[in-house]
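Supplied in structure tokens, the structure appears directly below.
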């Protein structure tokens with residue numbers, strides 16, 4: 001292909017064209033975040049902030065494909081895939097790369113199915129079976145396939161039927177994802193980048209609206225205000241204390257017992273036992289579990305439950321620990337998490353029934369990648385889910401964003 005323009009000029013031209021286009025002006029601000037560098041790398045790459053393009057790679061693409069590659073890198077940035085899904089890259093960088101590319105390329109393909117303005121190169125990863133799924137869910141399905149068969153069916157723009165590729169020979173896809181560079185960013189640097197991307201997308205969404213363009217669901221979901229899950233947990237438990245303002249001598253007020261004074265408690269001052277069930281399938285690491293436990297401990301102290309039944313579960317309840325009111329302070333230091341298998345919440349309500357545990361409510365913390373939601377529960381249930389866009393079919397669901 002003969003090009004009069006340099007690679008740098010072709011990339012700049014693609015940026016200008018996309019920023020003026022009603023469908024893609026949404027990403028205008030994201031284009032401006034980080035640096036752009038052209039070098040001798042074989043394809044293109046991003047670390048979630050900066051974008052790098054291989055000179056020969058760009059020169060071998062036609063104009064529509066250059067725009068697709070520019071979009072590809074900046075959608076990675078817009079969705080913050082290298083930071084939001086950092087734990088997946090740690091588990092398997094190759095499979096996380098593929099999952100992220102499937103999400104990104106489907107957004108590009110669906111924006112212009114006929115390829116009038118933007119066209120993915122033939123070797124771009126593309127699997128329409130994953131349409132509507134996020135990076136985490138695609139990763140889970142690919143990992144399941146890899147574990148069962150030792151290979152993954154890889155589909156591309158030019159080969160929609162795909163080929164089975166051994167796990168050790170997986171393709172890099174359209175670009176490289178510099179996870180190591182993304183991981184090395186400090187906390188303040190990552191937070192600053194997240195704010196910049198959020199602001200850029202919000203401004204882009206306003207511009208897209210003025211140009212009568214639709215904002216992709218994945219982007220609009222990322223821009224939704226996040227519910228403060230700590231507030232939701234407190235509200236959920238304290239809701240059981242409302243309208244319980246009758247005094248009773250059956251349960252003396254704990255605030256006076258320490259002074260050897262026995263006074264009636266208001267029934268609303270305390271609730272019965274609470275089940276706290278933590279997903280131990282391996283998707284939630286020990287740091288997050290510790291934060292969950294610390295927050296729930298503070299919540300329970302606020303409403304003074306009679307006790308906590310702490311359940312660690314995967315496909316079964318692997319550990320059951322009981323904490324009475326006066327033991328809550330030692331919960332974090334004494335608990336011993338167990339588990340590590342699959343993820344089937346149905347074991348929790350069954351266990352509550354089988355063990356005849358009398359509880360006011362249950363709080364289940366999970367990543368949401370579960371085998372069903374447990375069917376009928378013997379008590380009200382709140383789900384704290386760490387994956388966006390997943391909601392339980394029973395009880396109340398809150399997206400947990402730490």
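Among the numbered criteria (1) in contact with a helix residue (DSSP H, G or I) (Cβ under 9 Å, 6 or more places away or on another chain); (2) buried (at least 19 other Cβ atoms within 10 Å of the Cβ); (3) within 30 Å of residue 138 (Cβ to Cβ), which single criterion is violated by residue 315?
(2)
Condition check: part of a helix (DSSP H, G or I) and either in contact with a helix residue (DSSP H, G or I) (Cβ under 9 Å, 6 or more places away or on another chain) or within 13 Å of residue 278 (Cα to Cα) (or both). Does residue 310 satisfy that?
Considered against the rule, which asks whether it is part of a helix (DSSP H, G or I) and either in contact with a helix residue (DSSP H, G or I) (Cβ under 9 Å, 6 or more places away or on another chain) or within 13 Å of residue 278 (Cα to Cα) (or both), residue 310 comes out as no.
Please work out which residue is modelled with the highest pLDDT, limiting yourself to segment 134-187 and to residues that are touching a helix residue (DSSP H, G or I) at 6+ places or on another chain (Cβ under 9 Å) and at positive phi.
For segment 134-187, the residue satisfying everything is 150.
Right, here's the next one. Please work out if residue 348 is closer than 17 Å to residue 272 by Cβ, buried (at least 16 other Cβ atoms within 10 Å of the Cβ), out of contact with any helix residue (DSSP H, G or I) (no Cβ under 9 Å at 6 or more places or on another chain) and touching a residue at least 60 places away in the same chain (Cβ under 8 Å).
No, not satisfied.
Let me ask you something else. Within segment 351-386, can you find the residues that are closer than 26 Å to residue 139 by Cβ and surrounded by fewer than 18 Cβ atoms within 10 Å (Cβ to Cβ)?
371, 372
Now for a separate question. Give the residues of segment 149-179 that are outside any strand (DSSP E or B) and without any contact (Cβ under 8 Å) to a residue 40 or more places away in the chain, sorted by residue number.
149, 150, 155, 158, 159, 160, 161, 162, 168, 169
Out of all the residues in segment 319-345, which are surrounded by 13 or more Cβ atoms within 10 Å (Cβ to Cβ) and out of contact with any helix residue (DSSP H, G or I) (no Cβ under 9 Å at 6 or more places or on another chain)?
Those that are surrounded by 13 or more Cβ atoms within 10 Å (Cβ to Cβ) and out of contact with any helix residue (DSSP H, G or I) (no Cβ under 9 Å at 6 or more places or on another chain): 319, 338, 339, 341, 342, 343, 344, 345.
Can you spot a residue in segment 191-211 that is within 25 Å of residue 141 (Cβ to Cβ) and assigned to a loop (DSSP other than H, G, I, E, B)?
no
Okay, residues lined up against (1) at negative phi; (2) under 18 Å from the mean Cα position of the chain (by Cα); (3) in a loop (DSSP other than H, G, I, E, B):
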position	(1), (2), (3)
357	yes, no, yes
364	yes, yes, no
369	yes, yes, yes
373	yes, no, yes
379	yes, no, yes
390	yes, yes, yes
394	yes, no, yes
397	yes, yes, no
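Within segment 115-133, track down each residue that is surrounded by fewer than 16 Cβ atoms within 10 Å (Cβ to Cβ), over 17 Å from residue 156 (Cβ atoms) and at pLDDT below 95.
Selection gives 132 alone.
Would segment 191-212 turn up any residue that is under 21 Å from the mean Cα position of the chain (by Cα), free of Cβ contacts under 8 Å to residues at least 24 places away in the same chain and farther than 30 Å from residue 397 by Cβ?
Yes, segment 191-212 contains a residue that is under 21 Å from the mean Cα position of the chain (by Cα), free of Cβ contacts under 8 Å to residues at least 24 places away in the same chain and farther than 30 Å from residue 397 by Cβ.
What about residue 346, is it assigned by TED's automatic domain parsing to the domain that holds residue 280, at negative phi and over 18 Å from the mean Cα position of the chain (by Cα)?
yes
Here's something else I'd like to know. Could you figure out which of (1) free of Cβ contacts under 8 Å to residues at least 24 places away in the same chain; (2) buried (at least 22 other Cβ atoms within 10 Å of the Cβ) isn't true of residue 40?
(2)
The values are calculated or read from the model by the stated rules, or taken from the named source; none is laboratory data. Since the model is a prediction, treat every value here as computed from it, not as a measurement. Here Cβ is always computed from backbone atoms with ideal geometry, including for glycine, and neighbour counts include all displayed protein chains.
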